Amino acid sequence: MASGIRAIVFDLDGTLYSNDDFSAEIKWGAGIYIAELKGITVENAATLIRETRQRLSSERGQEATLSAVCVELGGSIAGFHATVTPLLHPETLLKPDYRVTALLTALAKRFELYIYTNNNRTLTERILQEIGLAGLFARIFTIEDFWRPKPDREVLNHIFATILKNPEECLFVGDRYDVDLKLPTEMGCSSFLVTNIQSLLELETFLSSLPTNPRKA
Ligand SMILES: [Mg+2]
């Protein structure tokens, strides 16, 4: 390989697959969680979530995650996951994209592949199974590792220490710059923004375009 990249750290949702029906199911599940928490209808909860997300994003100058919205509304990230996970049906909604399977299978022969997601372990494993990517990752980091959603500097330092890599040796791949890529980039990692599955398929070209030996120390 030409560059000093040795590990690729992928976000999961919206990065390795994209499915509008499944995204809608997650939003619906969040509505149920907040509705129960607040004693309001699911419809009103959905509005509250949307408005809270817009407000937080504006206040913080970067896109707020669903995790952050749940906490802002008085819930907990653990409670959100416990409520939503049994309501979701990746098994009926998701299927493999053989172009992505081929890409990741090829990359796994040249790089250590990791997942770092705000999703939980149970759902992550169910999703990976359905999209045909189970078994390709050296390690999966989920929200349950620290209950600290992305972006989080301490969790990133833990990841670098765990996988025994310097930031300069890591490429982060994600679909939300503020959530997945901004902080790793500040810490010295390379990053690749995925806007749709077609852009994910351009990852090989991106890797071959990286400058040689960017390793600093
Ligand atoms: Mg994502």
Original post:
Taking into account only those residues within segment 166-217 that are touching a residue at least 60 places away in the same chain (Cβ under 8 Å) and of a type in the set (Lys, Arg), which is farthest from Thr117 (Cα to Cα)?
Top reply: Arg215
Subject >> Output for segment 108-130, where each listed residue is in a loop (DSSP other than H, G, I, E, B), in contact (Cβ under 8 Å) with a residue 40 or more places away in the chain and open to solvent by less than 10 Å² (accessible area, probe 1.4 Å) >> reply: Thr117
**OP:** Could you check segment 131-217 for strands (runs of 3 or more DSSP E) lying wholly inside it with 1 or more residues that are open to solvent by less than 20 Å² (accessible area, probe 1.4 Å) and not assigned by TED's automatic domain parsing to the domain that holds Leu56?
**Re:** 139-141, 170-174
Original post:
Quick one: what pairs do we get from segment 96-107, first residue among the polar types (S, T, N, Q), second not in a helix (DSSP H, G or I), C-beta under 7 Å, 6+ apart or different chains?
Top reply: Thr101/Gly132; Thr101/Leu133; Thr105/Leu136
**OP:** For segment 1-58, name all the residues that are more than 18 Å from Arg176 (Cα to Cα) and of a type in the set (Ser, Thr, Tyr).
**Re:** Ser3, Tyr33, Thr41, Thr47, Thr52
Original post:
Being away from the ligand (no atom under 16 Å from the Cβ), free of Cβ contacts under 8 Å to residues at least 24 places away in the same chain, in a loop (DSSP other than H, G, I, E, B) and not assigned by TED's automatic domain parsing to the domain that holds Pro151, is that true of even one residue in segment 46-54?
Top reply: no
Original post:
Regarding Leu73, is this residue touching a Leu at 6+ places or on another chain (Cβ under 8 Å), open to solvent by 30 Å² or more (accessible area, probe 1.4 Å) and within 25 Å of Leu123 (Cα to Cα)?
Top reply: no
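The values are calculated or read from the model by the stated rules, or taken from the named source; none is laboratory data. Values in this document were obtained by computation on a predicted structure and should not be read as measured data. Don't worry about glycine lacking a Cβ; one is built from the backbone with ideal geometry, like all the others, and counts go over all protein chains shown. In case anyone asks, the SASA skips ligands and DNA or RNA and just uses the protein heavy atoms, side chains included. Shrake-Rupley method; radii C 1.70, N 1.55, O 1.52, S 1.80 Å.
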